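We did not get these values from a lab; they are worked out from the coordinates using the rules stated. A quick note: this is a predicted structure, and the numbers were derived from the prediction, not measured. Cβ atoms come from the backbone with ideal geometry, glycine included; neighbour counts cover every protein chain shown.
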Amino acid sequence: MDAEQNRRRGAELEEAILDAAWAELVEHGYAATTLESVAKRAGTSRPVLHRRWPSRIKLATAAVARYFALNPIEIPDLGNFGAEISLLLRRLSDRARPDLLRLAFDMGGDLAAANSNLAEVRGEIVNDQLLREIIERAIRRGEVDPMRLTPRIISLPGDLARNEFMMTLKPLRDEVIREIVYDIFLPLICRPVPHG
């Protein structure tokens, strides 16, 4: 181990490893990324990686989670729930690069072998806090009926968007976003408009 490796510890070493893992995933894809290739790129050893991330799935998941954390999405208060959810889906779509979508497919074999699934990986990567903030704003404005909210309904726009990504491997079209938000999601959670 050289002097540089001795100096890098803790968060600094972890960031270097995750940066290397992300670069390997982007350049070579999941199938060609190994703990050895990441260790070499990060200037460390495979045992160092294996202590923190015992499998390629765990390392890839951590690298994607870090990419999302370093590229956060912000949605300003637009004063309209439908507009805010539509903007959220547009920005999620813009961030969902084709190589990230392909990664989900490529991980399938390893996930099955580990008795895991994409839902578990999603739980380690995706933070629904922004969606919850948008919904809380809409509740305060009186647009959303909190009695209609369930965990599955709250996750519905993201789930439908992910399904579209996985089926098409393309960014969301404006028409798809409109259908998800205005035809499916809002009727489930918005307060009915009183008829005169």
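Within the listed set 171, 98, 157, the Gaussian network model of the chain (springs between alpha-carbon atoms below 10 Å) gives the highest mean-square fluctuation for 98. Fully extending the segment from residue 154 to residue 111 would add 12.9 nm, taking 0.36 nm per residue of separation and subtracting the current Cα-Cα distance. The computed mean projected area of the Cα convex hull in nm² for the structure shown corresponds, within [x] 10.8; [y] 13.2; [z] 15.1, to [y]. Think of the chain as having a plus end and a minus end, set by charges on the Cβ of Lys, Arg, Asp and Glu; of 47, 29, 71, 47 sits farthest toward the positive end of this dipole. When only Cα pairs below 8 angstrom with a gap of at least 6 residues are kept, the chain shows a relative contact order of 21 percent. Our estimate of slack between residue 133 and residue 91, defined as 0.36 nm per intervening residue step minus the Cα-Cα distance, is 13.5 nm.
Taking the Cβ-Cβ separation of residue 50 and residue 178 as r and a Förster radius of 35 Å, what is the calculated FRET efficiency to the nearest 0.05? Intermediate values should be presented prior to the final figure.
Values: r = 47 Å, r/R0 = 1.33.
The calculated FRET efficiency here is 0.15.
Across 178, 102, 148, mean-square fluctuation computed from a Gaussian network of the chain (C-alpha pairs under 10 Å connected) peaks at 148.
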